[in-house]
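Worksheet for the structure shown next.
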Amino acid sequence: MTMKERISLFEEDSKILEKLASQHDESSKEYAALKRAAIALWYALAEGHESFQKYIDKFEGELSAEQKAHLIEMGIDPDY
């Protein structure tokens with residue numbers, strides 16, 4: 001993936017993170033977590049892309065029942 005493609009991906013994902021963050025007060029833990037997620041995403045795409053992509057490929061494999069239950073417990077739909 002070229003740097004231009006990585007920037008485009010970041011822009012798409014950051015719009016989603018920004019939309020989610022706008023639903024929370026700037027002093028909330030949720031807002032802070034989303035801000036850190038955006039920073040981490042930029043870092044991963046800009047600095048450590050190859051190792052990040054390998055990690056994503058590994059992570060995107062089938063989730064165990066325990067992993068799915070944990071995501072559901074956190075309010076995340078594992079099938080999204």
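The values are calculated or read from the model by the stated rules, or taken from the named source; none is laboratory data. Keep in mind that this is a model prediction, so the values were computed, not measured. Methodologically, a virtual Cβ is constructed for each residue, glycine included, from the backbone with ideal geometry; neighbour enumeration extends over all protein chains shown.
For segment 1-41, filtering for residues that are farther than 25 Å from Gln53 by Cα and part of a loop (DSSP other than H, G, I, E, B) leaves 7. One residue stands out among those in segment 43-62 that are in contact (Cβ under 8 Å) with a residue 12 or more places away in the chain and in contact with a Phe, Trp or Tyr (Cβ under 9 Å, 6 or more places away or on another chain): the one that is surrounded by the most Cβ atoms within 10 Å (Cβ to Cβ), which is Leu45. The sole residue among Ala65, Ala33 that is small (Gly, Ala, Ser) and surrounded by 10 or more Cβ atoms within 10 Å (Cβ to Cβ) is Ala33. Within segment 1-38, the set of residues being modelled with pLDDT of 90 or more and of a type in the set (Val, Ile, Thr) comprises just one member, Ile16.
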